[in-house]
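The structure under discussion appears below in the form of structure tokens.
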Amino acid sequence: MEIPLGHDAKMWLPKLEARAVQELHITRSDKVLEVGTGSGYLTALLSALADHVTSVEIVPELNASARQNLASCNNITFEIGDASHGWGNDATYDVIVLTGSTPVLPEAFQNSLNIGGRLFAIVGDAPLMEAS
């Protein structure tokens, strides 16, 4: 079930999280950008597979909660801010995961991918949305 987190946020269904992680083929050398930390559950999954995860959350309270819950993970950088149009000036990533939907995929995310990088996003307007 989608667990409400407050601040109009909900966790993804566990099967959606598992499918996204499976489709991204994350390796131990991957640098990952997660846009939308939420509860930190997906962050934990990503960090168990990747070299490093940068997780950006716009809601400070959600960021603080996830940071506290994952304090023992040393390969996660938690950031607060609006990453809806990309994150970091020159930073590039092997994997980018957008945990919220977007009507159109901002070009900044595609420009932030390393060659051969993978991106997971839910794009479109309800009720017609596509995970890619």
* **Accessible area of segment 39-82 belonging to carbon and sulfur atoms, whole % at 1.4 Å probe** => 51 percent
* **Accessible area expressed per residue, the chain, with surrounding protein chains retained (probe 1.4 Å, Å²)** => 56 Å²
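Using a 1.4 Å probe and counting only protein heavy atoms, arrange 7, 85 so the residue with the most accessible area comes first. Each step should come with its number before you reach the end.
On the way: 7 105, 85 135 Å².
The ordering from most to least exposed comes out as 85, 7.
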* To do: Please tell me the relative contact order of the chain in percent, rounded to the nearest whole number, where contacts are Cα pairs under 8 Å and at least six residues apart.
  => 21 percent
* To do: Name the long-range amide H neighbours of residue 54: under 5 Å, sequence gap of 5 or more, or other chain; modelled H, no Pro or chain starts.
  => 32, 33, 34, 77
* Asked: For the pair residue 111 and residue 64, how long in nm is the line joining their label points, each one 7 Å along Cα→Cβ?
  -> 3.4 nm
* Extent of the chain along each principal axis, from alpha carbon coordinates, in Å, largest to smallest? -> 36, 33, 27
* To do: Let me know the charge dipole size of the chain about its Cα centre in debye, to the nearest 20, where only the beta-carbon of Lys, Arg (+1) and Asp, Glu (-1) is charged.
  => 360 debye
* Springs between alpha-carbon atoms under 10 Å, Gaussian network over the chain: tell me which of 72, 101, 112 tops the mean-square fluctuations. => 72
* Asked: In a GNM of the chain with a 10 Å cut-off on Cα contacts, which of 37, 77, 99 has the highest mean-square fluctuation?
  -> 77
* **Helix-only [θ]222 nm of the chain, DSSP H runs n ≥ 4, -39500 (n - 2.57) each, per residue, nearest 500** => -7500 deg cm²/dmol
* Asked: So who's got an amide H within less than 5 Å of the one on residue 120, skipping anything under 5 residues away but keeping other chains? H placed 1.01 Å off N, in plane.
  -> 96, 97, 98
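The values are calculated or read from the model by the stated rules, or taken from the named source; none is laboratory data. Everything numeric here is computed off the predicted structure, so don't read it as measured data. Neighbour counts run over all protein chains shown; Cβ positions are idealised from the backbone, glycine included. Heads up: the accessible areas ignore ligands, DNA and RNA and are worked out on the full protein's heavy atoms, side chains in. Shrake-Rupley method; radii C 1.70, N 1.55, O 1.52, S 1.80 Å.
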